[in-house]
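Data block below; observations after.
Coordinate-derived values only; no laboratory data. These figures come from a predicted structure and were not determined experimentally. All Cβ positions, even for glycine, are placed from backbone atoms using ideal geometry, and neighbour counts span all protein chains on display.
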Amino acid sequence: MNELDLNLREKELRCLLDFSRLVETPGIELDGILAGTVQILPPAMKYPEISCAQLTLMDYCHQTPNFRMTEWCLSSPVKIHGEVQGTLTVCYLEERPLLEEGPFARHKRSLLDAVAERIGKITERKLATAALAKSEKRLHDIVENALVGISIIQEGREVYRNPELQRLIGEVEDGVSFLELPHVHPEDRKKFSATLRALLSGQQPKVEMVCRFYPRIDQTSSLKWVYCRATRIDYRNKEAVLLNLMDISLAKEMERMLRIQDKMSSLGRVAAGIAHEIRNPLSGINIYINTLEKLLRKPVEEEKVDGILQQLKSASSKIENVIRRVYDFARPTEPQFDTDDINRPVKEAIDLAAAILRKKGVRVETDLADDLPLCRFDAQLIEQVLLNLITNAAETLNREEGRGRIGIQTRRQDDRIRIRVEDSGSGVPEELREKIFDPFYTTKHGSSGIGLSISQRIVEDHGGTLSVATGKWGGAIFTIELPVAEGPT
């Protein structure tokens, strides 16, 4: 190899070195790499003084100031993911002696191909990096502007939260374990912590729950109902929990209003019987007052007066008991779950409906088990469900001919408590047994159609089920199943 050849090879190596340095320049963009490449190539040619270069790639086009397309040129395709997306070209502005490829030697072809190939690879990497950055920004914007609160918990500590979560649960002090979050309502803390622990221990891959949160711990009036979903994920090569929280306070308030509406509807259906229960003692009071008035005009007969006063007290007490039962049932309250005997709300519902059942001539047959285990429930809500089922049965029987009857039974079924309300009516056709639990579906004139839907939701909130079938009398039989309370009873 003569001195001229060594000099040319040195130029080629310097060109490749300069290209590598160009590519490795900190912060350089693709456009800068392409612009620098066309400046590096001409000095590596055999006749640099009459050399020029051009690089076209997708929407980019860079060339030396003296570039002019001539018949003495050498070109290499630039491929991205195997497809030609551009061309790298070197031209001589004047004619020179012919070699292997026109006036260019074979090793110039190798140089141009090598640079073109590297440009293709660099472009692929730059495009992938740009696409990833764009995707990450898009995902970041979605998360930051989501209507759902999003948090990432690692080793019991919160490592990320979006603005919506900030609005939902407020500030969390540094060092506070998310498993012992003070913002959670006291009645929900045990459930919240136990559910997350079950997830972290690997018992479940995903958990869902409804909890109450205080955005500001010092203001209990700021209570929010939140639907939570937690999933195990990998975050920055470490195990973490992705927590999604959705504010359902408005939905809960609407649900509460619907429950009140349904409760008032049930109360309205027994109002006639309640009026009858009050009217009888009131009539007695009026009679006793008239009798007492006559006695007081005569010489005092203490024994008769005392008897009448006792009768007045008894009648007054009956009215007070009826009003108390109505008041206790009607007043709006937040759900209060206590561990108790399920027969208690069953009996309360039967007592509240007793008057209307007597008026309609419906016979009630009760079969309440004495040895039931304790159950965790909200007494008012369960009473509301039962009153709804009983009054529905009474209205069905009112449309039937003959004297009807309603059977109410409680039993233990393995680890569940079963309550059944059965009537001797015409029953529910099989094709309607799913529809009757749909909101606003009704077969009765003037009915809102929300009673059974709300009843089913109440039972499901207790971890139970409400279903309908055909009973032994040929009518409908509604079955409520509730879980037995955990722990010793």
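Decide, for the stretch 51-90, between rounded, prolate and oblate: order the square roots of the alpha carbon gyration tensor eigenvalues as a ≥ b ≥ c, take rounded if a/c falls under 1.5, and otherwise choose prolate if a/b is larger than b/c, else oblate. Judged from the Cα gyration tensor, the stretch 51-90 comes out oblate (a/c at least 1.5, b/c at or above a/b).
Would any residue of the stretch 56-77 have its amide N under 15 Å from a label point 7 Å out along Cα→Cβ of residue 94? List them or say none. Within reach of a label on residue 94: 72. Taking Lys and Arg as +1 and Asp and Glu as -1, the other residues whose beta-carbon sits under 11 Å from that of residue 118 total -1.
Here the spin labels are modelled as points 7 Å beyond Cα on the Cα-Cβ line, and at residue 395 and residue 469 they lie 2.6 nm apart. Compared with the direct C-alpha span, the chain from residue 486 to residue 132 gains 122.4 nm at full extension, assuming 0.36 nm per residue.
In a DSSP loop and with at most 14 other Cβ atoms within 10 Å, the GluC sites (Glu not before Pro) in the stretch 46-112 are 71, 94, 95, 100. FRET efficiency for the pair residue 71 and residue 20, taken as 1/(1 + (r/R0)^6) with r the Cβ-Cβ distance and R0 = 22 Å, rounds to 0.10.
Peptides 226-235, 114-123 ranked from most to least packed give 114-123, 226-235, packing being the mean of other C-beta atoms within 10 angstrom over each peptide's residues. In the stretch 74-174, Rg over Rh equals 1.43, where Rg is the alpha-carbon radius of gyration and Rh the Kirkwood radius from pairwise Cα distances. Segment residue 434..residue 107, full-extension length gain: 109.6 nm, with 0.36 nm per residue of separation and the alpha-carbon distance subtracted.
Legend: distances between Cα atoms for 360/472; 252/359; 252/360; 191/252; 126/206; 134/238; pairs beyond 27 Å are 252/359; 252/360; 126/206.
Modelled spin labels at residue 146 and residue 260, positioned 7 Å past Cα toward Cβ, are 3.4 nm from each other. Once both labels are positioned 7 Å from their Cα atoms along Cα-to-Cβ, the gap between residue 232 and residue 426 label points is 5.6 nm.
Evaluate Rg over Rh across the stretch 1-141, taking Cα atoms for both radii and Kirkwood's formula for Rh. Reported Rg/Rh (Cα atoms, Kirkwood Rh): 1.04. Fully extending the segment from residue 87 to residue 49, taken as 0.36 nm per residue of separation minus the present Cα-Cα distance, adds 11.5 nm. Classify the stretch 1-75 as rounded, prolate or oblate from the Cα gyration tensor: take a ≥ b ≥ c as the square roots of its eigenvalues, call it rounded if a/c is under 1.5, otherwise prolate when a/b beats b/c and oblate if not. Taking the square roots of the gyration eigenvalues as a ≥ b ≥ c, the stretch 1-75 is oblate. The stretch 30-53 and the stretch 221-258 have Cα centres separated by 60 Å.
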